[in-house]
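Q: Handing you a structure now.
The values are calculated or read from the model by the stated rules, or taken from the named source; none is laboratory data. This one's a predicted model, so the numbers in the text were calculated from it and none came from an experiment. Neighbour counts run over all protein chains shown; Cβ positions are idealised from the backbone, glycine included.
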Amino acid sequence: MLFVSNRELVVPGKLLAEGNYVAGEGAFVEDGKIFSSVVGLTEIRERSVSVISLQGRYIPRRGDKVIGIVVDTHPYGWILDLNSPYTGNLLASELVGRRIDIFKEDLSKLLRMGDAVLAEVREVDDRWRVFLSPLQRGRIKEGRLVEISPAKVPRVIGRRGSMLRVLQETTGCRLEVGINGRILVKGKDPDKVNAVVEAILLIEKEAHLSGLTDRIKAKLEKLR
């Protein structure tokens, strides 16, 4: 039996379901009943009940696409801020795709402090050391970077990518969405890029409201 509807805003301890249901992310089971463990929106899929968190920091997981900011160096590469309690380690050899003689090459010519890098989490070890693989050679050279709460990223993507399609198809912009809350917006028209950034910030602010995809689409279509 369900006690909530899909996309309903719930708080920790809220009874979600009991009986023949499975607890997904953001939920837990106690005495055969499923409760919310976070503040968020319910997501009901067949017999699975989950809660999409609306708060919290990014915790790296293998396979995540992230956008990191260079904050330090070491002899073999760089340390990247991931908008997380944990930093990422990027090796210079991974960035350029070849072996590097660190005694002959100047790594500062490849990346400098403050540069942004699009990467994937390759590994997270048992000591929470995060190792990254670049998704493109070098730093991010174009586009506008916007940062939101990592917990709101699923809302920017939308169910089956619905919100992301609206943002891209109605403006012609291209988005690289980092699961860690950093989103790169690229486009030829500065006005449309600005409109997408404003839309992303609106999504973050109103993530708990229903009908948001349609309102964002209507807002962006006025640019046409």
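Q: Please specify each residue of the range 12-51 satisfying the condition of being aliphatic (A, V, I, L, M) and over 18 Å from His208 (Cα atoms).
A: If the condition is that a residue be aliphatic (A, V, I, L, M) and over 18 Å from His208 (Cα atoms), then Leu15, Ala17, Val22, Ala23, Val29, Ile34 are the ones that fit.
Q: Could you go through the range 145-162 and let me know if any residue there is within 17 Å of Arg57 (Cβ to Cβ), under 19 Å from the mean Cα position of the chain (by Cα) and among the acidic types (Asp, Glu).
A: Within the range 145-162, one or more residues are within 17 Å of Arg57 (Cβ to Cβ), under 19 Å from the mean Cα position of the chain (by Cα) and among the acidic types (Asp, Glu).
Q: Related question: Look through Leu41, Leu54 and report the one residue that is buried (at least 18 other Cβ atoms within 10 Å of the Cβ), more than 14 Å from Pro150 (Cβ to Cβ) and not aromatic (Phe, Trp, Tyr).
A: Leu41
Q: While we're looking at this one, here's another question. With surrounded by fewer than 17 Cβ atoms within 10 Å (Cβ to Cβ) and either assigned to a helix (DSSP H, G or I) or not polar (S, T, N, Q) (or both) as the only criterion, which of Arg137, Arg155 stands out?
A: After applying the criteria, what remains is Arg137.
Q: Consider the range 200-224. How many of its residues are of a type in the set (D, E, K, R) and under 24 Å from Ser5 (Cβ atoms)?
A: Residues in the range 200-224 being of a type in the set (D, E, K, R) and under 24 Å from Ser5 (Cβ atoms): 6 in total.
Q: I'd like the residue in the range 57-68 that is surrounded by fewer than 19 Cβ atoms within 10 Å (Cβ to Cβ) and in contact with a Lys or Arg (Cβ under 9 Å, 6 or more places away or on another chain) and, out of all such residues, is farthest from Arg144 (Cα to Cα).
A: Among them, the one singled out is Arg62.
Q: Any idea which residue in the range 1-25 is surrounded by the fewest Cβ atoms within 10 Å (Cβ to Cβ), counting only those that are of a type in the set (Gly, Ala, Ser) and closer than 9 Å to Val49 by Cα?
A: It comes out as Gly24.
Q: Now, a different point. Could you tell me whether Leu91 is modelled with pLDDT of 90 or more and of a type outside the set (S, T, N, Q)?
A: Yes.
Q: Just name the residue that is nearest to Leu145 (Cα to Cα) out of those in the range 85-111 that are surrounded by fewer than 18 Cβ atoms within 10 Å (Cβ to Cβ) and small (Gly, Ala, Ser).
A: Here the answer is Ser108.
Q: Report every pair of residues separated by at least 6 positions or lying on different chains whose Cβ atoms are under 6 Å apart, first residue within the range 105-117 and modelled with pLDDT under 95, second in a loop (DSSP other than H, G, I, E, B) and of a type outside the set (Gly, Ala, Ser).
A: Leu111/Arg139
Q: In the range 19-98, which strands (runs of 3 or more DSSP E) lie fully inside it and hold 2 or more residues that are within 24 Å of Arg122 (Cα to Cα) and out of contact with any helix residue (DSSP H, G or I) (no Cβ under 7 Å at 6 or more places or on another chain)?
A: The qualifying strands (runs of 3 or more DSSP E) are 65-74, 77-81, 88-91.
Q: Continuing with the same structure: For the range 1-18, which positions are in a strand (DSSP E or B) and among the small types (Gly, Ala, Ser)?
A: Ala17
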